[in-house]
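For reference, the structure is listed below as structure tokens.
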Amino acid sequence: MSARSARSLRLTALAAVGGTALSLLAVPGAGAVTTPKAPTAAVLRVGYTAKERRAALAYWTPARMKAVGKSVDLGPTGPKSLPWKGTEMKTVGRLFFVNGDGADTWCTATSVGGANRSVVIAAGHCVRRGASPYTTYVDMVFVPGYRKGKLPYGAFAVRATFTPRTWAEEAVNDVAALAVDTDAKGRALGDVVGGQRIAFNRRVGGNTVAFGYPATRPQRGEELLHCTGTAKPAPGREQAVPCDLGGGASGGPWLADFDRATGKGVLVSVNSHGDGLEHSTHMYGPVLGATAKSAYEQAQHG
């Protein structure tokens, strides 16, 4: 979820942290306007110009990244959300952006394998407002391995996002694939941090680890937290795990077949929303089906 909108979680999923909705609620508002490429396309693409991407990198200084976390307080971290103290999860990071209300905020996102070695997976509400076809977000930058103001692997500007049309029009299927630029040294994201595997149409079930950077205290988005539990089917083509990660964790990965020694697993969903406005006990995420796969395919060639 993102951090600001934990209160709107049910409506906006886990939006991004700095806006009115959380990144387990991405924050709605009036961001960039985009015209769908094709009226019947199942996946909608939003691209950012080279100038816009340079501006995004200049905008998100380390000081601004730390400041956005200090501006949000979603209450104490829940008992199921534990600090990650294992192998460094360098594929997981914070996705910073400016939401539709013009507020700084963040979500959680993950580098995954792809043909261009430049694919990031997040929640749909981390890149555009659900059920609002023309409202998308701007100044998007992915920082893998973020921790306490440190950017150990640099920052990667987002050059395009790909989301299900159903998310844009109906707030259904809360997932997004992003294509990112190379870093300041010309290196692809996957060459710097690697990428998690990703699975589509996988049967729901089994032990799952959900990760995120919630805006709860004392971490306030500065540290990676995680929950562990068994994923179970939920209504509306979703799945659920016992987890109380707060806003800002939106978009964070659900990793099955997770190896704590290597930090690698299979991404099977992302944090979308909790089961209540406060004191949530379960996290919900989409079942990654054909449309999510199409978004991923376009991102790995985008």
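The values are calculated or read from the model by the stated rules, or taken from the named source; none is laboratory data. Because the structure is a prediction, the values reported are computed rather than measured. We place every Cβ from the backbone using ideal geometry, glycine too, and count neighbours over all the protein chains shown. Heads up: the accessible areas ignore ligands, DNA and RNA and are worked out on the full protein's heavy atoms, side chains in. Shrake-Rupley method; radii C 1.70, N 1.55, O 1.52, S 1.80 Å.
Consider the candidate values (1) 23, 21, 20; (2) 34, 24, 16; (3) 39, 23, 18; state which one is semi-axes √(5λ) of the Cα gyration tensor in Å computed from the structure displayed.
(1)
Give the carbon-plus-sulfur fraction of the accessible surface of the chain in %, rounded to a whole number; probe 1.4 Å, heavy atoms of protein chains only.
Answer for the chain is 53 percent, counting heavy atoms of protein chains only.
Using a Gaussian network for the chain with springs between C-alpha atoms less than 10 Å apart, which of these wobbles most: 230, 161, 105?
Between 230, 161, 105, it is 230 that shows the largest mean-square fluctuation.
Below 12 Å, Cα to Cα, which aspartates and glutamates can residue 66 reach? Residues fewer than 8 away in the same chain don't count.
104, 222, 223
Looking at the chain as a GNM with Cα springs under 10 Å, which of 193, 143, 268 has the largest mean-square fluctuation?
Evaluated over the chain, the most mobile residue of the options is 193.
Accessible area per residue for region 119-263 in Å², computed with a 1.4 Å probe and the full protein assembly in place, what is it?
34
Quickly estimate the mean residue ellipticity at 222 nm for the chain, helices only: each DSSP H run with n ≥ 4 gives -39500 (n - 2.57), and the total goes over all residues, rounded to 500.
One gets -4000 deg cm²/dmol as the mean residue ellipticity at 222 nm.
Taking the chain as a Gaussian network, Cα atoms linked when under 10 Å apart, which of 132, 81, 269 shows the biggest mean-square fluctuation?
Sorting by GNM fluctuation, first place goes to 132.
Could I have the simple spin-label model distance between residue 201 and residue 50, label points 7 Å from Cα toward Cβ, reported in nm to one decimal?
Once both label points are built, they end up 4.0 nm from each other.
Among 85/264; 70/185; 51/148; 150/185, which pairs are too far apart, with a Cα-Cα distance over 25 Å?
70/185; 51/148
Might you report the magnitude of the Cβ-based charge dipole of region 126-196 about its Cα centre, with Lys and Arg at +1 and Asp and Glu at -1, to the nearest 20 debye?
300
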